[in-house]
Amino acid sequence: MGKLAKARDLSRGEWLLLLQSSVFLPAVRCGLKLLPFKTVMALFAGKQSLDALDGKRVRSDRIRPDRLAYLVEVASCHHFLKPTCLEKALLLIRILRQRGLEADLRIGTAKTDGRFEAHAWVEHRGQVLLGGPVERYSPLLPLEATRRQSQLA
């Protein structure tokens, strides 16, 4: 199936998500450059709202989490900024959590040929939605767990 045929098959909700992703990717980048990382995490990867968790926030588009990840990836591939894995992950986390879906931002590290590398990905119910494959990365402690440990200390 060609790109044009795939584009024709997108629903209105999927087109809206592509547009939103294109608009918010620069906001994520600006946030990462201008704000402390904790602030960016609170803005883009904050907890789900209670309304979303209680089911009061109903979405009519009902796009599956894996499809949302695919659409963020499509928007990223065609974006002039060429977003990083962290920028894409933060955007997807925000989209998923706005819909009341559980999502975890993971950051891992690897050493390849003496070079340190870091990578970000998104998991939903233990499944990697965006940023895979991740097997070669050693995941850092989840950011939520880090926050809880610092509060206990």
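If the condition is being within 16 Å of the chain's Cα centre (by Cα), exposed (fewer than 14 other Cβ atoms within 10 Å of the Cβ) and small (G, A, S), then segment 6-46 contributes A42, G46.
With respect to the conditions (1) within 19 Å of G31 (Cβ to Cβ); (2) over 15 Å from the mean Cα position of the chain (by Cα); (3) at pLDDT 90 or above, V122 falls short on a single one, namely (2).
Of all residues in segment 1-43, which are β-branched (V, I, T), in contact (Cβ under 8 Å) with a residue 40 or more places away in the chain and out of contact with any Asp or Glu (no Cβ under 6 Å at 6 or more places or on another chain)? Hit for segment 1-43 is V40, nothing else. Working only within segment 68-109, note down all residues that are among the β-branched types (V, I, T), touching a strand residue (DSSP E or B) at 6+ places or on another chain (Cβ under 7 Å) and surrounded by fewer than 18 Cβ atoms within 10 Å (Cβ to Cβ). The one that is among the β-branched types (V, I, T), touching a strand residue (DSSP E or B) at 6+ places or on another chain (Cβ under 7 Å) and surrounded by fewer than 18 Cβ atoms within 10 Å (Cβ to Cβ): T109.
The values are calculated or read from the model by the stated rules, or taken from the named source; none is laboratory data. Computed from a prediction, not measured in an experiment: that's the story for all the values here. Cβ: placed from backbone, ideal geometry, glycine included. Neighbour counts: every protein chain shown.
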